[in-house]
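Visitor: Next up is a structure, given as structure tokens.
The values are calculated or read from the model by the stated rules, or taken from the named source; none is laboratory data. Since this is a predicted model, take the numbers as computed values, not measurements. Cβ: placed from backbone, ideal geometry, glycine included. Neighbour counts: every protein chain shown. In case anyone asks, the SASA skips ligands and DNA or RNA and just uses the protein heavy atoms, side chains included. Shrake-Rupley method; radii C 1.70, N 1.55, O 1.52, S 1.80 Å.
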Amino acid sequence: DITGDPKLQRIKLRFRIKDVKGERALTDFLGHVITQDYEHSLVRRRTSIIYVNQTVETKDGQKVVVKCFIITMDKINSARKNALRQKLIQGGQAAAKAEKFDDFINSVIYGKLSADLKKELHKVYPVRHAVIQKTEIAQAVAAAA
């Protein structure tokens with residue numbers, strides 16, 4: 001609803017209100033998550049799913065936990081899964097180091113990072129989807145634990 005783009009309705013954004021001024025609430029971004037029905041709609045039979053969880057640091061020093069998954073065209077063996085996983089980790093860390101926090105989150109939410117990662121992963125093995133499933137601010141995760 002924030003952007004007005006119907007394609008982005010599969011994404012839930014999480015905020016924490018830090019202050020209220022009149023009718024405006026000042027918030028901190030906590031993270032995002034995609035809806036489960038969207039995630040289930042991507043999965044097909046005879047494909048492999050590879051999950052990756054990593055903590056990346058942006059250019060301005062903000063740590064973000066990024067949870068993604070890859071869906072391949074066909075079933076693959078563990079060596080190819082590991083190669084794809086390593087390439088995804090390298091690509092995610094490089095993308096985070098190159099951008100400030102706000103730009104990094106925008107590229108995640110609008111799908112630019114997913115598209116770039118998919119293009120890189122396609123060099124290793126044909127990939128149907130590369131999706132960033134969830135992001136969380138690392139300090140918020142540590143405070144909750």
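Visitor: Considering only 133, 36, 86, give the residue with the highest GNM mean-square fluctuation for the chain, with springs between Cα atoms whenever their separation is below 10 Å.
Guide: Sorting by GNM fluctuation, first place goes to 36.
Visitor: Hey, can you rank 98-105, 78-85 by average C-beta count inside 10 Å, highest first?
Guide: In decreasing order of mean packing, 98-105, 78-85 become 98-105, 78-85.
Visitor: So how much slack lies between residue 53 and residue 12, counting 0.36 nm per residue of separation and subtracting their Cα-Cα distance, in nm?
Guide: 12.9 nm is the gain from fully extending residue 53 to residue 12.
Visitor: I've got another one for you. Working only with C-alpha atoms, what are the Rg and Dmax values of the stretch 26-86, expressed in angstrom?
Guide: Rg then Dmax for the stretch 26-86, in Å: 15.0, 48.
Visitor: Pick from 76, 11, 132 the residue whose mean-square fluctuation is largest in a GNM of the chain, springs joining Cα atoms under 10 Å.
Guide: 76
Visitor: Next up: Can you pull the one-decimal nm distance between simple spin-label points at residue 112 and residue 124, each 7 Å off the Cα toward Cβ?
Guide: Taking the two extended label points, one gets 2.4 nm.
Visitor: Can you give me the % of accessible surface on the chain that is carbon or sulfur? Probe 1.4 Å, all protein chains present, nothing else counted.
Guide: 48 percent
Visitor: Moving on to the next point. Can you check what the Kirkwood hydrodynamic radius comes to for the chain, Cα pairs only, in Å to one decimal?
Guide: For the chain, the Kirkwood estimate is 16.3 Å.
Visitor: Which lysines have a Cα less than 21 Å from the Cα of residue 7, not counting those fewer than 8 places away in the same chain?
Guide: 67, 112, 118, 119, 134
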